[in-house]
Amino acid sequence: QVGFVESGGGLVQAGGSLWLSCRVSGIIMTWQRLGWFRQIPGTQRDKIANITADHRTSYIDAVKGRFTISRDNAKSEMYLQMNNLKPEDTAVYYCNTEPEPSAHWGQGTQVAVSS
């Protein structure tokens, strides 16, 4: 069964850094593009970055140059290095498949950035 477990969130001051991890199950990693998403309470969940099975990456403009997505297919894991965090990055962060997210969303990991 497809599953995602996100971890690594926390509370940081503006300008700080966090490293998020995503453990993936039930997916053939060498075939599947993956993405990081975030959701601010009361708003829709938005994709912020994705990475292909052969490690090509793309980002939304709001995080480009600050966030780095990566993956380890052998470990069935994906990561998000977040630097120079801003208060507007405060959200719950999720991982999932791309371009069609699986219905099996994980619980996410909360990131809070104080000014």
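The values are calculated or read from the model by the stated rules, or taken from the named source; none is laboratory data. No experiment lies behind these values; they were computed from the predicted model shown. Cβ placement follows ideal geometry from the backbone for every residue including glycine, while neighbour counts extend to all protein chains displayed. With ligands, DNA and RNA removed, areas are computed over all heavy atoms of the protein, side chains included. Shrake-Rupley method; radii C 1.70, N 1.55, O 1.52, S 1.80 Å.
The modelled label-to-label distance between Thr30 and Thr57, using points 7 Å beyond Cα along the C-beta direction, is 2.3 nm. Computed from the C-beta positions of Ser114 and Ser7 and an R0 of 22 Å, the FRET efficiency is 0.60 to the nearest 0.05. Residues in the chain average 52 Å² of solvent-accessible surface per residue, probe 1.4 Å, ligands and nucleic acids excluded. Near Leu18: Cβ cut-off under 15 Å, other residues only, Lys/Arg at +1 and Asp/Glu at -1. The net charge is 0. Sorted into 5 angstrom bins from 0, the C-alpha pair distances of the chain split as 2, 13, 25, 26, 19, 10, 4, 1, 0 percent. Using the average count of surrounding beta-carbon atoms within 10 Å as a protection proxy, the listed peptides 73-85, 7-19 rank, highest first, as 73-85, 7-19. Other residues within the sphere of radius under 12 Å centred on the Cβ of Ser115, judged by their own Cβ, net out at -1 (K and R +1, D and E -1). Electrostatic bookkeeping for Ser58 treats Lys and Arg as +1 and Asp and Glu as -1; over the other residues with beta carbon under 12 Å from its beta carbon, the sum is +2.
Placing R0 at 25 angstrom, the Cβ-Cβ distance between Ser76 and Thr43 gives a FRET efficiency of 0.25 after rounding to 0.05. For the chain, the carbon plus sulfur part of the accessible surface works out to 49%, probe radius 1.4 Å.
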